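Taken together, the values in this text are just the output of simple stated rules run on the coordinates, not laboratory data. These numbers come from a predicted model, not from an experiment. Every residue, glycine among them, receives a Cβ derived from its backbone with ideal geometry; neighbour counts consider all protein chains shown.
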Amino acid sequence: MENVASHEDWRSCFSELAPGLLLFARQWVRSRADAEDIVQEAFIRFWRRNHAINNRALLYATVRSIALDLIRRNGRRARREAEAVSESEHVVEPQFELADEAQFALAAALDRLPHDQREVLVMKIWNDLTFAEIATALNISQNTAASRYRYALAALKKIFQPQ
Amino acid sequence: MNDFSDIENELKKLRPVHPSHRFVARVEQAMGDQEISEDKTIRPNPLRTNWVGLGLGVA
């Protein structure tokens with residue numbers, strides 16, 4: 001598809017999407033610096049290949065692909081990071097700007113969700129992707145994307161609103 | 001309104017950490033560098049036609 005977006009459009013696009021993209025990338029790497037490297041590589045690749053600027057499913061699929069490549073290339077380090085996180089509830093580099101204890105607890109609960117549910121939640125809540133876009137990015141059906149989202153919300157609701 | 005609207009609203013109140021200025025500048029610079037390097041690339045144009053030569057040839 002021909003890309004008619006101007007350079008300024010791309011700058012605005014990056015500025016708007018960067019917080020959500022970084023959060024998305026942080027699911028695979030705990031270091032903010034690694035997440036930044038992933039997002040930079042993905043965004044530049046996406047931009048250079050002249051994809052449509054609004055093809056967000058492809059952009060997020062690119063971030064995911066680069067993150068998984070990084071993990072494969074550096075498996076031992078990723079495992080060490082994952083172990084370090086699981087040993088402590090305190091994430092060294094916070095993923096959210098937390099205002100109070102309740103938000104801290106909610107962010108910690110998010111970290112404990114199964115990965116496939118958390119990535120759908122992150123794409124939907126903080127990146128405003130539709131289920132159709134999420135399904136395309138993850139190569140799953142829309143029903144599966146919607147189910148994972150509901151399972152994630154149900155799990156969080158159970159923790160925070162036990163009744 | 002669905003069953004999960006309360007927890008959805010709580011989640012939406014969580015703001016992802018904002019990217020550093022250094023990171024944003026780094027990406028913008030990368031985009032700028034790519035543009036410059038692409039502008040400087042001289043590619044042969046296989047469809048370029050030498051109309052003067054063609055006209056002289058026909059004449």
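Only helical DSSP H runs with n ≥ 4 go in: add -39500 (n - 2.57) per run for chain A, normalise by residue count and round the 222 nm mean residue ellipticity to 500 deg cm²/dmol. List each step's numbers first, then the result.
Details: 8 runs with 115 residues, N = 163.
Rounded to the nearest 500, the figure is -23000 deg cm²/dmol.
Mean Kyte-Doolittle of at least -1.0 and a Cα length of 20 Å or more along the axis: which whole DSSP H helices of chain A meet both?
Passing helices, by number: A:7-25, A:32-48, A:56-73, A:142-160.
Expressed in nm to one decimal, what extension gain is obtained for the pair A:SER15 and A:ASN74 from 0.36 nm per residue of sequence separation less their Cα-Cα distance?
Full extension from A:SER15 to A:ASN74 adds 18.4 nm.
Loop-only check: which trypsin sites (Lys or Arg not before Pro) in region A:101-143 are DSSP coil with at most 13 other Cβ within 10 angstrom?
Working: sites: A:ARG112, A:ARG118, A:LYS124; in loops: A:ARG112.
Qualifying residues, ordered by number: A:ARG112.
Count, for each residue of A:10-23, the Cβ atoms from other chains sitting within 10 Å of its Cβ, then give me the mean as a whole number.
Rounded to a whole number, the mean comes out at 3.
At a Förster radius of 35 Å, what calculated FRET efficiency corresponds to the Cβ-Cβ distance of A:HIS115 and A:ALA5, to the nearest 0.05?
Plugging the Cβ-Cβ distance into 1/(1 + (r/R0)^6) gives 0.60.
Tell me which residues come under 5 Å, amide H to amide H, from A:GLU97 once H is placed; ignore anything under 5 positions away on its chain.
B:ARG15, B:VAL17
Less than 13 Å Cβ to Cβ from A:ALA102, Lys/Arg counted +1 and Asp/Glu -1: what total charge do the surrounding residues give? Intermediate results must be reported in sequence, preceding the final value.
On the way: positive: B:LYS13; negative: A:ASP100, A:GLU101, B:ASP6, B:GLU10.
Neighbourhood net charge equals -3.
Using a 7 Å offset from the Cα along the Cα-to-Cβ direction at both A:ARG150 and A:ASN54, what is the distance between the two label points in nm, to one decimal?
2.9 nm
Expressed as a rounded percentage, what relative contact order does chain A have, with Cα pairs under 8 Å and six or more residues apart?
25 percent
Once you have the Kirkwood Rh of region A:7-160 from its Cα pairs, apply Stokes-Einstein at 10 °C and 1.306 mPa s and quote D in µm²/s. All intermediate terms of the calculation are to be shown ahead of the outcome.
Details: Rh = 16.2 Å.
It comes out at roughly 98 µm²/s.
How high is the relative contact order of region A:104-163? Use alpha-carbon pairs under 8 Å, at least six apart in sequence, and give a whole percent.
Relative CO of region A:104-163 lands at 38 percent.
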